[in-house]
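Please treat every number below as a calculation from the coordinates, not as lab data. Treat the numbers as computed from the prediction; the structure is a model and nothing was measured. Positions of Cβ are backbone-derived with ideal geometry, glycine not excepted, and every protein chain shown enters the neighbour counts.
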Amino acid sequence: MHLSLKNFREHNMMRYKILITITALLGLLFLAGQCLGFAGMYNKGITLQWNISAALIYIIVSAHMLHVLGGVIALFIVFARAYRRHTRTYDPVPVEVVATYWHFVDGLWIYLYIFFLWIK
């Protein structure tokens with residue numbers, strides 16, 4: 001995301017399009033991985049009724065998945081704008097907002113990863 005923003009600011013639109021596409025696909029891949037993780041937990045019998053710890057994990061990860069989904073939606077809006085035929089302006093603000101949001105979600109994920117490793 002950082003590199004796509006950098007290329008957008010430099011008006012390198014071909015590289016920007018490639019990088020924003022990769023970022024959007026990685027976001028979708030992350031969501032798919034989270035769904036597989038939930039399926040694995042469910043198949044092992046870890047459900048919301050199992051205990052309070054399992055419920056807490058489901059709640060925290062689900063909230064994070066919703067934030068990632070919001071980021072993926074924002075990415076696809078920026079993605080669609082990148083592939084429009086006629087770009088009216090090269091205003092970096094929408095791309096900067098999406099980049100800031102993604103950096104927040106990245107930071108939150110790193111925090112959650114460390115938190116889950118710590119409580120293990």
Legend entry - Value of [θ]222 nm, deg cm²/dmol, for the chain, DSSP H segments ≥ 4, -39500 (n - 2.57) each, nearest 500: -28500 deg cm²/dmol
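Nearest 0.05, what FRET efficiency do I59 and L29 give at R0 = 30 Å with Cβ-Cβ as r?
Computed FRET efficiency for I59 and L29 comes out at 0.85.
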Legend entry - Cα centroid separation - region 57-120 against region 3-35, whole Å: 11 Å
Inset, instruction - State the answer as a single residue: which of G70, Y83, I46 lies farthest towards the positive end of the charge dipole of region 38-120, with beta carbon charges of +1 for Lys and Arg and -1 for Asp and Glu, about the Cα centre. - result: Y83
Legend entry - Test item: Cα-centred dipole of the chain, Lys/Arg +1 and Asp/Glu -1 on Cβ, debye: 340 debye
Inset, instruction - State the label only: which of [x] 1.05; [y] 1.12; [z] 1.28 corresponds to Cα Rg over 2.2 N^0.38 Å computed from the shown model? - result: [z]
